[in-house]
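Notes follow once the structure below has been shown.
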Amino acid sequence: MIMVTISSTWYLFLPIILSLCPITLCASVLEDLKNLHQPPDFNSTIFSNCLKNPSLRYCSSSPMLDLDEIFKFTIVASHLCNESKNPNCVESFPKVDLRNRPNIAPLYLSFDFFWKYCPLSIMSIDLSNNSMKGDFPTDVLYCTQIQSLDLSINAFSGDIPIQSFSPLTNLTFLNLSYNCFSESKLSDSQFFKRFNSSSFLHSGALLDQKRFTVKAIFLLVGFPILVILMVICFLWLCFQRPDFLPSKLQRSRRFTPAILKAATNDFSNKYLVGKSDVVHIYKGILRDGTEVKIEMYWDDIPRDSYRKFVEECKVLSKLHHKNLVRFLGWCRSRKFRAIITEWTREENVEMWLSGSGPPWNHRLKVLMGVVACMRYLQEEWPEVDYELNTSSILLSDNVEPLISRFKVGDQNSNRRKIHGFGVFLLEMILSRKVQEEFDGGDAGFIRFMRTLNLADLKQMIDERMKVTETIFHQVKQALSLGLMCIDQSNSDKPSLAMIFNTIARAYKASHALPSANHRFKRHMPVQTK
């Protein structure tokens with residue numbers, strides 16, 4: 001939007017425009033642009049002016065003159081010259097002064113055809129204090145001859161087109177203060193060196209000193225404090241709630257009092273499942289949803305004993321077998337120490353035997369699981385001791401036995417382990433406890449069993465197994481094996497490998513038994529080795 005300078009064009013057309021629409025009585029600029037039409041000799045006058053003064057901006061437009069744009073330009077120029085309060089708009093148009101005119105300034109700024117043919121007489125453009133928004137108004141830079149440009153106190157945003165200022169060689173005053181431009185490296189550019197920082201106060205283009213000070217204070221003071229707080233938080237998580245950390249950063253098998261407290265809702269009675277003077281047993285739920293059994297021992301042990309306790313726990317945490325209750329970890333505080341294992345059903349073998357009266361093949365399955373676990377411990381962890389009785393062996397949902405009481409003990413306790421299995425085996429078959437009503441102990445019980453004939457023996461077997469002739473043959477062999485295991489006078493006790501093979505054969509055979517339920521036909525004493 002480029003207007004002719006004070007030239008023959010301006011002298012010719014401004015009177016025409018003023019005669020068509022006097023400034024004081026003129027309708028709006030938009031109405032003038034819509035309603036006024038070119039005078040008859042407008043075309044010839046334009047070409048004549050270009051011949052006389054080729055430097056006029058509209059004369060250099062290509063590929064040809066746009067007479068309609070030029071005509072609209074003259075209309076806008078007449079209005080804008082008057083709005084800018086120039087002293088004599090017919091003879092001069094030295095400045096565009098629309099400061100404090102928020103209602104009309106955006107309108108004139110939108111007329112790109114005016115700025116395209118910007119009059120060469122304009123030396124100053126002032127669009128300040130109008131609260132205009134949007135990107136930098138690059139159209140005003142078509143007025144390359146201007147010496148002063150003021151766009152301050154607006155809301156222009158985005159980047160300042162530094163390269164577009166290069167043709168404005170006469171520009172000596174620039175004010176872009178109080179805008180919202182993007183921060184840029186103006187201080188490093190040749191453009192900035194032509195002006196000082198007062199041209200860009202609070203424009204957003206320069207680094208604000210107060211903001212810089214705040215950032216510097218944060219970086220120098222706040223950031224170290226933030227780092228320290230993060231380290232403190234991380235250390236708290238490590239030592240108090242490591243369950244919130246990624247699994248790779250958690251201390252394996254080590255529980256904290258805070259974890260147990262959260263798992264039991266601050267050791268609520270709701271989660272208490274058993275207690276004595278020394279130990280409290282809780283059912284807890286860990287953060288990941290795992291249900292656990294927490295045995296809390298309220299005893300104060302010496303440091304050496306606690307160190308031994310931890311070493312034992314580290315060994316137990318490495319045990320992995322489907323017939324072992326999984327050991328999850330341990331914990332110690334000033335008031336207690338705790339062992340954490342997986343939560344299992346409360347039903348043990350003793351309750352199972354007295355309740356449902358399971359058949360022989362189900363009992364063999366339990367015996368098979370117990371022997372398999374004993375073999376695993378003997379081969380992999382001979383230092384681990386365990387209890388084998390019907391009250392300490394639990395059952396999973398699919399009737400898998402789980403040895404629940406174990407500890408690091410005597411590596412030379414194989415004879416005692418074999419004896420314990422023998423007692424357990426006999427309890428799985430007989431209808432009463434092995435040593436019940438036998439004051440003579442194992443030796444007296446063994447002598448008594450050897451005196452029994454088949455009919456007497458039948459009376460001692462749990463009748464709920466509904467023993468057939470074929471099953472009785474397996475039961476008799478199992479009884480003989482159990483008596484061999486508990487026989488203290490026999491220095492040559494059966495090996496664990498022999499026990500495993502015997503139980504495995506019986507378990508395999510139990511799956512191939514005929515369905516006929518034959519009664520006993522022979523009387524046969526129990527044979528022992």
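The values are calculated or read from the model by the stated rules, or taken from the named source; none is laboratory data. Quick caveat: nothing in here was measured; it's all calculated off a predicted structure. All Cβ positions, glycine included, derive from the backbone under ideal geometry; neighbour counts span all protein chains shown. With ligands, DNA and RNA removed, areas are computed over all heavy atoms of the protein, side chains included. Shrake-Rupley method; radii C 1.70, N 1.55, O 1.52, S 1.80 Å.
A few comments on the model shown:
- Unit Cα scatterers, Debye sum, the range 324-409: log10 I(q)/I(0) for q = 0.14, 0.17, 0.22, 0.24 Å⁻¹: -0.54, -0.75, -1.11, -1.24
- Whole-percent carbon and sulfur share, accessible surface of the range 247-342, 1.4 Å: 46
- Net length available on complete extension from Thr138 to Asn103 is 10.6 nm, with 0.36 nm assigned per residue and the Cα-Cα distance removed.
- Extension gain, Met460 back to Leu51 (0.36 nm per residue minus Cα-Cα distance, nm): 133.8 nm
- Placing a label point 7 Å from the Cα of Val315 along the Cα-to-Cβ direction, the residues of the range 324-341 with a backbone N closer than 18 Å are 324-331, 339-340.
- Pairs of alpha carbons in the range 381-423 whose separation is greater than 15 Å (percent): 47
- Take the Cβ atoms of Glu380 and Thr213, set R0 to 60 Å, and the FRET efficiency comes out at 0.35.
- Per-residue 3J(HN,Hα) values for the range 368-383, derived from phi via the Karplus relation 6.51 cos²θ - 1.76 cosθ + 1.60 with θ = phi - 60°, read 5, x, 5, 5, 4, 5, 4, 5, 4, 5, 5, 7, 9, 9, x, 7 Hz in sequence order (x marks Gly and Pro).
- In angstrom, the C-alpha Rg and Dmax of the range 247-342 are 13.1, 38.
- Inter-probe distance in nm under a simple model that places probes 7 Å from Cα toward Cβ, at Glu295 and Arg345: 2.1
- Extension gain, Glu31-Asn501: 0.36 nm per intervening residue step, less the Cα-Cα distance, totals 158.2 nm.
- For the range 13-206, the C-alpha radius of gyration divided by 2.2 N^0.38 Å, with N the number of residues, is 1.09.
- Pairwise label distance in nanometres, Arg307 with Asp41, each label 7 Å out on the Cα-Cβ vector: 11.8
- Here the Karplus curve 6.51 cos²θ - 1.76 cosθ + 1.60, taken at θ = phi - 60°, turns the phi angles of the range 475-480 into couplings of 5, 4, 5, 5, 5, 4 Hz, with x standing for Gly and Pro.
- By the rule of a C-alpha distance below 18 Å, with chain neighbours fewer than 8 residues away ignored, the aspartates and glutamates paired with Lys34 are Asp66, Asp68, Glu69, Asp112.
- Each label was represented as a point 7 Å from its Cα along the Cα-to-Cβ direction; for Glu387 and Asp277 these points are 1.8 nm apart.
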